[in-house]
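Read the structure below first, then the notes.
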Amino acid sequence: MQENVIIGIDLAGVEKNPTGWALWKNKVISTCHLYENQEILEHLTKFEPTLIAVDAPLSLPKKGTMRKADREMYRHGYPVFPPRFPAMEKLTLRAMKIAQQIKREKLHIIEVHPTSTRKALRIPTKDWEKIRNIFLHMGLKGDLETRALTSHEIDAVTAALTGYLYLQGKTDLIGDGEEGYIVVPTKGDWRRLKL
């Protein structure tokens, strides 16, 4: 059976800031920082991923500042920044541009929100070292074992974890087909996850 390759991306709003990147294969994780759109796309096509999970809005609302997905996330206790929020609009437009090129390559892409993933799985949301240790307890290997990861890399690993659970059918789709979905793990405890 071919092993799924999942890529998690914690996309920065602008190219000069670091984008977190995580490659998940056989529970071995490789992470790094990437910067330019071209660099991100080259990395994507090189690994032929089964799935790409991006921490950034992949669509704009038809009207107003929020999509149905954003409103529903709030109702579920997962506050997200709306795509039309001034600081978010630049990120959203960048994500949409990258997503268009990804789809042209016939690759599968989903929108995720790492903080909400951690909330759903009862993982601390901002204690980076504790989060890294939980990932190691889950049986993840690779860069997690050898060095402290940046917050961007941790978010990218969390995005890849969400992608893995999505492929296992252990996630909920929040939103609608018209304005887009955000993928969040079905609520549970990370200690019960079988990776």
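Please tell me which of these pairs span more than 22 angstrom C-alpha to C-alpha: Lys141/Lys194; Lys63/Lys106; Lys63/Lys126; Lys68/Lys187; Lys25/Lys68?
Long pairs (Cα-Cα over 22 Å): Lys63/Lys106; Lys63/Lys126; Lys25/Lys68.
Compute the distance in nm between two label points, each set 7 Å from the Cα along the Cα-to-Cβ direction, one at Glu36 and one at Glu3.
Calculated label separation equals 3.2 nm.
Expected output is a single nm value to one decimal: the length gained when fully extending between Met96 and Thr146, i.e. 0.36 nm times separation in residues minus the C-alpha distance. What is it?
Here the answer is 14.6 nm.
Which distance in nm do the two modelled labels at Lys194 and Arg122 give, with both placed 7 Å along the Cα-to-Cβ direction?
Taking the two extended label points, one gets 1.9 nm.
For Trp128, what charge total do you get from the other residues with a beta carbon under 14 Å from its beta carbon, if Lys and Arg give +1 and Asp and Glu give -1?
That works out to -1.
Please list the helices of the chain that count as membrane-span-like by this rule: a mean Kyte-Doolittle hydropathy of at least -0.5 together with Cα atoms stretching 20 Å or more along the helix axis, each helix being a complete DSSP H run.
Counting only whole DSSP H runs, the qualifying helices are 86-104, 151-167.
If I take R0 = 35 Å and measure r between the Cβ atoms of Asn17 and Lys106 in this structure, what FRET efficiency does the formula 1/(1 + (r/R0)^6) give, to the nearest 0.05?
For R0 = 35 Å, the calculated efficiency reads 0.75.
Using modelled backbone amide H atoms (1.01 Å from N, in-plane), which distant-in-sequence or interchain residues come within less than 5 Å of Trp21's amide H?
Excluding prolines and chain starts, which carry no amide H, the hits are Asp10, Cys32, Leu34.
Report Rg/Rh for segment 39-194, rounded to two decimals, where Rg is the Cα radius of gyration and Rh the Kirkwood radius.
0.95
Quote the FRET efficiency, to the nearest 0.05, computed for Arg71 versus Gln168 with a Förster distance R0 of 41 Å and r equal to the Cβ-Cβ distance.
After rounding to 0.05, the efficiency reads 0.90.
Here, each number is a calculation from the coordinates, and none is a lab measurement. Everything quoted here is computed from the prediction, not taken from an experiment. Cβ coordinates were reconstructed from backbone atoms using ideal geometry, including for glycine residues, and neighbour counts include every protein chain displayed.
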